[in-house]
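Inspection log for the structure reproduced underneath, given as C-alpha cells.
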C-alpha cells in the first residue's frame, strides 16, 4: 500500500516587506538583494501566528481534497517557529479545524521539514496505521530574524502550506525517499533557544534574551556550497533507487532558498529551468512552508496533471537534506 496527495492548501500573510523596505533597515538595495537571492519581497505575519496560518492552510487543503476534518487520522506540523510549545502546534491545528479523531505531533527539521514530514506520514499510511494524513509546514520566521543582520533579514518570510495524503490501493506504485543528515556541520545555520538556563533550575539570565545567537545565524557561503553539492546528489540517489530517469520527471519542487541555488542544481542535473518552478521572488525563504506553498500554487494554477511524477527536495539546518518522488493524483 502507498499514499497519494489528494489536496493542497496554503496561507500567506497580507502584509509585505519589499527590498526597499529592507534597505531602510540595513545597508543594501533592491538590486543587490535580487541579484544575490532572487527575492523581491516577503510576507510577514502581523496578526497571524504559526498555528493560525497552519490551520488556515489545512482547512484549504481539506476543501481541495473534498475530505471532512473528521476523517483525518494524523496531523503533522513541521515548524521551527511555533508560537506554542505545549500543546504542540499540531494539536492546536486539530482544535481549530475540528479533526476530532487525529493523532497529532510536530516535527522540527527546518527547511527539510516538509519532506521529512511527508515521508513520516507516508510510512504510517503505507503500513495501514492510518488512512488520511494532513501534513503542514508553517513558519513565522520573522520572529527569529535579526532585522539588523543583512545576511539573513533579506531572505526570510512567513507563511504556511499543507497537503492531504490518503492511502490508496496497493496496485499503485510506491516510491522510496532518500534522506541524510550531518550534525557535524550544523553550525552553518543555527538559532539558540530563548530559554537559556544558567544552571539553577527555574532561573533565566535576563541578558540572554538579548543575545544575538537567539536569532537565526547563517554562514551563507557554507550553506550555498552544501546545497549545490548535496541536492543534485540526493535527487540522483532517489531517481536511481526508484529506477527513474530525469526525462520521466515533470517538475522538481525544491525548497525555495535562493534563486542561484535552484539554478545551480538544474545545471548540475543537466535539466532545463522550466522544470524548476520558483516563487521565492514573492515569498522569500519560508523554510518548511516553501515546498507545500509552491505545490499548492501549481495545483491551483492547473500546472499539475494526473500521472505526472514530481521530485520534492528539501535542504537546510541540521545539516539535513532529502528527496522524495510523488505521482500526482
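Read the figures in this text as sums done on the coordinates, not as results from a lab. Just so you know, these numbers come straight off a predicted model, no measurement behind them. For neighbour counting, all protein chains shown are included, and Cβ atoms are generated from backbone atoms with ideal geometry for every residue, glycine included.
So for the range 2-168: antiparallel DSSP bridges make up what percent, rounded to the nearest 5?
Numbers: 21 of 31 bridges.
Rounded to the nearest five, the antiparallel share is 70 percent.
Using helices alone, I'd like the mean residue ellipticity at 222 nm for the chain: each DSSP H run of four-plus residues gives -39500 (n - 2.57), total over residue count, nearest 500. Don't jump to the answer; show the numbers that get you there.
On the way: 10 runs with 104 residues, N = 329.
Helices in the chain give a 222 nm mean residue ellipticity of -9500 deg cm²/dmol.
How far is it, in nm, from the label point at residue 247 to the one at residue 171 when both lie 7 Å from their Cα along the line to the Cβ?
2.9
Can you put 42, 24 in order, fewest other beta carbons within 10 Å first?
Working: 42 30, 24 8.
By the 10 Å Cβ count, ascending, the order reads 24, 42.
So for 269, 155, 25, fewest C-beta neighbours within 10 Å to most, what's the order? Don't skip to the end; give the middle numbers.
Details: 269 19, 155 24, 25 14.
Ascending Cβ contact count within 10 Å gives the list 25, 269, 155.
Could you list 238, 168 in order of exposure, starting from the residue whose Cβ has the fewest other Cβ atoms within 10 Å?
168, 238
To the nearest Å, what is the center-to-center distance of the range 249-283 and the range 83-162, using C-alpha atoms only?
What the calculation gives is 23 Å, centre to centre.
Can you tell me the relative contact order of the chain? Whole percent, Cα pairs under 8 Å, sequence separation 6 or more.
Numbers: 792 pairs, mean separation 84.5, N = 329.
It comes to 26 percent, rounded to a whole number.
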